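Here is the structure we will look at.
Each value in this text was obtained by applying a stated rule to the coordinates, not by laboratory testing. Treat the numbers as computed from the prediction; the structure is a model and nothing was measured. Neighbour counts run over all protein chains shown; Cβ positions are idealised from the backbone, glycine included.
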There are 2 protein chains.
Amino acid sequence: MGERGLQIAEELAEGKKRNSKMERLRKLWKLIAEKGLDALLISPPENLRYLAGFTGSSGWLLISGQSAILVTDFRYVEQAKGESPGFEIIQVKQELHDWLPRLICDLGWRKLGFESNFVSYESHHKVSEAIKAKQINLELVPTAGIVEQLRSVKEPEELILITKAVELADAALEQAKAIIRPGVTEKEVAWEIEKDLRQKGSEGVPFEIIVASGPNSALPHARPTDKTICSGEPVVIDMGARINGYCSDLSRTLFLGGANKTFQEIYNIVLKAQATAIEGTKSKMLASQADQLARTVIQQAGYGDAFGHGLGHGVGLAVHESPRLGLSSSDSLVDGMVFTIEPGIYLAGQGGVRIEDMVVLENGKARVLTKATK
Amino acid sequence: MGERGLQIAEELAEGKKRNSKMERLRKLWKLIAEKGLDALLISPPENLRYLAGFTGSSGWLLISGQSAILVTDFRYVEQAKGESPGFEIIQVKQELHDWLPRLICDLGWRKLGFESNFVSYESHHKVSEAIKAKQINLELVPTAGIVEQLRSVKEPEELILITKAVELADAALEQAKAIIRPGVTEKEVAWEIEKDLRQKGSEGVPFEIIVASGPNSALPHARPTDKTICSGEPVVIDMGARINGYCSDLSRTLFLGGANKTFQEIYNIVLKAQATAIEGTKSKMLASQADQLARTVIQQAGYGDAFGHGLGHGVGLAVHESPRLGLSSSDSLVDGMVFTIEPGIYLAGQGGVRIEDMVVLENGKARVLTKATK
């Protein structure tokens, strides 16, 4: 392609990106309006990245039918101009309660939604007091999960990035298998995995890599230690990659030189529970029903109490996002959702087994994205 | 030392650690009681690590004159038992509003403080509703910065760990200077720095390393890009290490092959501003006064608007903690505080200069911990 052709391709790609952002804003505005709100105040970094392409660690969006405003401070204002074309960028020096009431007053909004699970009690209190003091006719309305609901259903471009992140994790697991042997420590293996992920293009790692062997593998969120890995004991490896902001999440349990009878049995139960959940999880199901599919297998095998966490979680710009697959979840599953299926059994003092794949719901069924062998 | 001697040394060290935790709880309880509270509910991971030694990512502490309770879920309960001896460990399955009212009811507390800048509006609302529904005679009292105030003054053992983290960063900067040359990219340099830090014992890195060259250096919180570093342009490197949870933070601005006249001038202004602040910062001063020391130098040189952030921040278990050194800060400086002094000048489109050292206040004055050359 000539230089001119390249430029046109880049402009088209840039235009496509902007159109996708516009489409997201349109969908968001529909949800905001349905709740009878004039606008929504948005703060989590992943939501800012999703809606505005802004990757700074601190900023606010104000989205109404007429306006798309990105508020940030000195540190990020130049970055915001580059990353978020089409947004009105406002630079502020002070805290939320200093600038928000003034800005809202000028915009004439009466009902402003805020993300009640992200705004602290203190911020809300200070903003409320400032609104009262300035006698602004504005109601602050708590909302939850509006942007997260949009984010939970992936667009094709997002799925491409997630798939790339899944492939990186798959490859890193193969690499780990090649170097792991009795005598190395958990920390050494974790660091080799991280180097492999990052040298192949992962933007950092989305969470601290878990390499937990023997009794440590009974801690679902163990940190790698200086413990030496011995043959015969379970080794839980849990890690992921990040590509253009999009994450992957992968767990496998290995046994160097074969497992003892108890852990062979446990491994097979977890494997069966996972296969049952992957097979049985369908669109339009409740997330809690998907959880129950795996849980029933583990309960019937007599290990119900040893599976103390939920079946899985959505993965996207955040490594833990909607939907949440657990017994107490009220989420519903729909096509386009990407999430983990990761049952586990943990025996305190002995060890644990967890097997985790990522799936996407397509045509009503779960398609497994993870290719790593089990 | 014989085996028995080693064991005694370990037991003494373990006992010392426990005593230091007891001492922290005693100081905390004094602050809680002064506010007329029966107990305090605590949630930030750094506060849990500081008070209980607990390093899980999710848990709550309840501290009163009689009780030290650590509440966590299935994933961390085994870890909590190991890390937090002496604490009553309670395992919960559900959310705060499900378990807190029941627990408080049994304990008979009437006034419970909570950290209003960490508890979300939603959590507070749900807990309040649950308390009302159960007709529990309990007042939830918003507090801010109680544990952070304790954490801001470092004990000798904490200073030893911070100093180790500072030394690692100093060494990594020397390493970076050895490999940086025109033609390498920002990302390549950042990754070499990170590998060096971690292979020498840093527990991850406390924040994403900044390597920002040319115009990118005008973004105070730039991310490393694939941009090639050229001779003559400013390169801001900002990074830190972590040892046993304790962080360091170091920035330097390099010029490969010498700076042009503008940046020579700017560099010297920033250097003078920093030296002035280090020299003039004293215990019992307001943090805002320390900020003003550096700001005056930069303002008088005509670059006041180009120094858009505060002078510095406390560093400890969190890389950004109390005290906050800025014009709007109401913090006071006292002996034992550890913080950064990091003035900067940023010219959009051209580049920026930031020079950052860590200091500890001792005998009324700032002692510089950082040894990296300027």
statement: Between the alpha carbon centres of the range A:323-374 and the range B:77-104 the gap in Å comes to 26 Å
message: For the range A:3-150, what are Rg and Dmax over the alpha carbons, in angstrom?
response: 16.1, 59
statement: If every Lys and Arg gets +1 and every Asp and Glu gets -1 at its Cβ, then about the Cα centre the range B:153-368 yields a dipole, in debye to the nearest 20, of 360 debye
statement: If each part is reduced to its alpha-carbon centroid, the range A:211-266 and the range B:173-187 end up apart, in Å, by 36 Å
- prompt: Going highest first, how would you order A:266-274, A:196-204 by mean Cβ packing within 10 Å?
  reply: A:266-274, A:196-204
- request: Using the charge dipole of chain A (Lys, Arg: +1 at Cβ; Asp, Glu: -1 at Cβ; taken about the Cα centre), state which of A:L41, A:Q91, A:H320 has its Cα farthest towards the positive end.
  value: A:L41
task: Output the pairs from A:K282/B:K134; B:K27/B:K111; A:K126/B:K164 with a Cα-Cα distance over 30 Å in this structure; if there are none, say none.
output: A:K282/B:K134; A:K126/B:K164
message: Please report the antiparallel percentage of DSSP beta bridges with both residues in chain B, rounded to the nearest 5.
response: 75 percent
task: Could you size up the charge dipole of the range A:139-235 around its Cα centre, putting +1 on the beta carbon of Lys and Arg and -1 on that of Asp and Glu, and report it in debye to the nearest 20?
output: 320 debye
- prompt: Along the positive direction of the dipole of the protein assembly as shown (beta-carbon charges: Lys, Arg +1; Asp, Glu -1; about the Cα centre), which of B:V297, B:C230, A:N117 reaches farthest?
  reply: A:N117
task: Quick one: angle between helix B:96-107 and the longest Cα principal axis of chain B, in degrees between 0 and 90, rounded to 10, please.
output: 50 degrees
- request: Treat the protein assembly as shown as a sphere of radius equal to its Kirkwood radius over Cα pairs and apply Stokes-Einstein at 4 °C in a medium of 1.567 mPa s; give the translational diffusion coefficient in µm²/s, rounded to a whole number.
  value: 47 µm²/s
- prompt: What is the average number of partner chain Cβ atoms found within 10 Å of a Cβ in B:72-83?
  reply: 4
- prompt: In deg cm²/dmol, rounded to 500, what helix-only [θ] at 222 nm does the protein assembly as shown give when every DSSP H run of at least 4 residues adds -39500 (n - 2.57) and the total is split over its residues?
  reply: -13000 deg cm²/dmol
Label 7 Å beyond Cα on the Cβ vector: A:K27 copy-to-copy distances, nm: 5.0
- request: Might you report the magnitude of the Cβ-based charge dipole of the range A:142-197 about its Cα centre, with Lys and Arg at +1 and Asp and Glu at -1, to the nearest 20 debye?
  value: 120 debye
field: Percent of C-alpha pairs per 20 Å bin, chain A, short to long
entry: 26, 49, 23, 1
